[in-house]
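The values are calculated or read from the model by the stated rules, or taken from the named source; none is laboratory data. Since this is a predicted model, take the numbers as computed values, not measurements. Glycine gets a Cβ as well: all are built from the backbone with ideal geometry, and neighbour counts include every protein chain shown. These area figures cover heavy atoms from the full protein model, side chains too; ligands, DNA and RNA do not enter into them. Shrake-Rupley method; radii C 1.70, N 1.55, O 1.52, S 1.80 Å.
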Amino acid sequence: PSVPSLPQVLPLLGALGATGLLLEYEDTFPYTGPLELLQAPHAYSPAELRALLSRARAQGLDVVPLDAAVPWCGGCPRAPFPLQFVLKHREFAHLREVKALPNALNPHKEESLALVKAMIDQVMALHEDLQWFHIGCDEVYYLGEGEESKQWLQQQGNTPEKLCLSHIKAVATCLASSYPMVTPIVWDDMLRGMSEEALAESGVPQLVQPMIWDYEADISVEGKVQLIEKYRRCGFSKVWFASAFKGATGANQSLPPIGHHVRNQLQWLQVASRSPAGVLEGIALTGWQRYDHFSVLCELLPVAIPSLAMCLQALKNGGYSEKVKENVEKLLGMSDLEIDTFTSTSLGTFPGSSILTLVTQVSFYLKSSVDELLEKNRYVTGWFSPYHRKRRIIHPIMMHHFQPDAVSLLSQWNAVVQDLQAAMEQVFHRCAIEEWMEENVHPSLQKLQKVLDDLDEA
C-alpha cells in the first residue's frame, strides 16, 4: 500500500482492539549504500516511513519490524520466504546456501552475518523505542544442502539442529549486543521438533521469544498447550501466537474466507485460556500479501479489513457472538456482513471499502458471466465455434442473436474495471494494480474482446 493510504487505517485498527503493528518490509524498505539495490521502485522513502511510524505511535500502536534477519531459514507455501528479495540479486548470489536457489543464506560465510547486521542496523535506524524485533526464521528447507554445510555436518557431533540454533544464536546475539533493550522474536516451527536438550543447551531460549504460528481453522489446541509447556521447560520465558486474517488459504485467493479466519482466532483463544499465566506476550494476526516473493498477489488489504475486524473483535471480546458482528458492522459502516458467504456487495465506510465492493463483483461474476455467454450460449457454441472463428465465417442472422449481448457485457465490465482502477490508485502503486488486473481481470475481458474481434472479421 502507498504511504498516504496507511494512516487512514490506523485509527480503525485501534478502535477494533489492535495494540501493535507488525511490519514486514521486504523490498519496500529504503535500504541505502550497498543495500540500495534491494529497494523496489515503489519502496517507501525514509521520510514517508518516519511519518507512518509516528502516526502509528500516536495511535498507541507498538511497532514491531519484521526484517527476516535469520533469512537463511527459508520458507514454504505455508509461510513467507523471507530472503528471496535479497538473494535473487546477482550481487548477493554468492551468499546462497544452495547456488541455484535464492531461498537460503549460507550460514558459514562471515559476509552472511555482516549482511544481516547491516539490514538490522538500517531498519533500527528508522525505528524509535522498539521493544521487539522479529528476525524471521521459518521452515529451514535446504538446510545443510550447501557444500560448506555438508562438510560441517560430517564433523562429529554436528547436526542440522545445531546448525540452525547456532545461526539463530549468532543473529540474536548480534542484535542484543547493539540493541540490548530490544527482544528478538522468531517463528517457532524449526524449534518444534527439536529435542528439549538441544534447545536448552543452545542458549537460544534466553535470547529470543518464539512466535507459534498456525493458520488453520481446526488447530490442535492440546498440541499447542503441550508445545508451550515444552518451550517453558527449555527456558523460554514468553511466547507469541500467530494467527491469520488473510492469506494462508490460497495463493491466488481474491476474497478472504472470514469464517475460516474467525475460527482460527477462536482456537487460539482456547490455547490462551489453557496456557500458564504470564507466558503469552501477544498474538499477531498475520495478513499475507504473497505466499513468497515470486508468487501472485493474494487478498488485498482493503478487501480483508472486514475479516481483520471480525478477528480482532473476536479476540478482544473473548469469542464470537452476534454482538461482536453488530459492533463490527457499526465500525465498518456495513449493513450486513456474513462470515461464511462473502457475497455482499454493500458499500461500507471504512478506508478502501469501494475496492472490496468492486473486487467482490469481479471475483464472483466476471469470469462466470463471460463463460456463460461464450460457452453456454447455443448460438455461440453452435454457430461461432472455434472452427467457425478460425475461418471467420458466420451466418449473419445468428450473429445478431449474441453480438449485442457480448458488446453490452464488455461495456458493463469495462465500467466496473475503470471504477476499480480508480479506487485502487488511491491505495496501491501502479505495479500492484497492473499485476492484480492482469491476474484477475484481463483474461476474461480479453477472451470476450477476442470473440468480438473475430465477429467483426467474420
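Which order do you get for 365, 44, 142 if you rank them by accessible area with a 1.4 Å probe, largest at the top?
Numbers: 365 105, 44 25, 142 80 Å².
Ranking 365, 44, 142 by accessible area, largest first, yields 365, 142, 44.
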Item checked: Per-residue HN-Hα couplings for segment 86-97 [Karplus 6.51, -1.76, 1.60; θ = phi - 60°; Hz; x = Gly/Pro] -> 9, 6, 6, 7, 4, 4, 10, 5, 5, 9, 5, 5
Check: What accessible surface, in Å², does a 1.4 Å probe find on residue 280, ignoring ligands, DNA and RNA and rounding to the nearest 10?
Finding: 70
Check: How large is ³J(HN,Hα), in whole Hz, for each residue of segment 159-176 in order, when computed from phi with the Karplus curve 6.51 cos²θ - 1.76 cosθ + 1.60 and θ = phi - 60°, using x for Gly and Pro?
Finding: 9, x, 4, 5, 4, 5, 5, 5, 6, 4, 4, 4, 5, 4, 5, 4, 5, 5
Notebook entry, point to check: Taking only Cα atoms, what is the 0 to 90° angle, nearest 10, from helix 403-425's long axis to the longest principal axis of the chain?
Noted result: 30
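Counting pairwise Cα distances across segment 341-407, what percent come out greater than 14 angstrom? Each step should come with its number before you reach the end.
Details: 1482 of 2211 pairs.
Looking at segment 341-407, the distances longer than 14 Å represent 67 percent of pairs.
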Note to self: Counting only protein heavy atoms and a 1.4 Å probe, tell me what percentage of segment 353-457's accessible area is made up of carbon and sulfur.
What the structure shows: 52
Note to self: On a straight-distance basis, which lysines could pair with residue 109 in a cross-link, Cα separation under 27 angstrom, same-chain partners fewer than 8 positions away excluded?
What the structure shows: 88, 99, 117, 150, 162, 169
Next item on the list: Grab the beta carbon distance between residue 237 and residue 336, set R0 = 51 Å, and tell me the FRET efficiency rounded to 0.05.
Entry: 0.70
Next item on the list: With a probe of 1.4 Å, find how much accessible area the chain has per residue, and write the answer as a whole number in Å².
Entry: 44
Notebook entry, point to check: So who's got an amide H within less than 5 Å of the one on residue 211, skipping anything under 5 residues away but keeping other chains? H placed 1.01 Å off N, in plane.
Noted result: 186, 187, 188, 240
Next item on the list: Could you tell me what percent of the accessible area of segment 5-332 is made up of carbon and sulfur, with a 1.4 Å probe and every protein chain present?
Entry: 51
Note to self: Taking the Cα centroid of segment 288-330 and of segment 105-163, what is the distance between the two, rounded to the nearest whole Å?
What the structure shows: 32
Checklist line | 0 to 90° range, to nearest 10: angle between helix 442-457 axis and the chain longest Cα axis | finding: 20
Next item on the list: Collect residues whose amide H, placed 1.01 Å from N in the peptide plane, falls under 5 Å from the amide H of residue 284; neighbours closer than 5 in sequence don't count.
Entry: 241, 242, 243
Item checked: Cα-based reach from residue 323 at 25 Å (exclusive), listing lysines while leaving out same-chain residues under 8 positions away -> 246
Notebook entry, point to check: Per q in 0.09 1/Å, what log10 I(q)/I(0) does a Debye calculation on the alpha-carbon atoms of the chain return?
Noted result: -0.67
Notebook entry, point to check: What are the residues whose amide H is under 5 Å from the amide H of residue 22, where those residues sit 5 or more places off or on another chain and H is modelled from the backbone?
Noted result: 64
Check: Taking the Cβ of residue 153 as the center, what net charge do the other residues with Cβ under 14 Å away carry, scoring Lys and Arg +1 and Asp and Glu -1?
Finding: -3
Check: Using the alpha-carbon atoms, what tilt in degrees (0 to 90, nearest 10) does helix 110-125 show relative to the longest principal axis of the chain?
Finding: 70
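Computed FRET efficiency, Cβ-Cβ of residue 399 and residue 162, R0 60 Å: what is it to the nearest 0.05?
Values: r = 73 Å, r/R0 = 1.22.
According to the calculation, E is roughly 0.25.
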Notebook entry, point to check: With all protein chains present and a 1.4 Å probe, how do 383, 132 order by accessible area, largest first?
Noted result: 383, 132
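Using 0.36 nm times the number of residues separating residue 430 and residue 15, minus their current alpha carbon distance, what extension gain do you get?
Values: separation 415, 0.36 × 415 = 149.40 nm, distance 3.02 nm.
Full extension from residue 430 to residue 15 adds 146.4 nm.
Rank these residues by their accessible area, most exposed first, probe 1.4 Å: 367, 99.
Working: 367 125, 99 175 Å².
Greatest to least solvent exposure: 99, 367.
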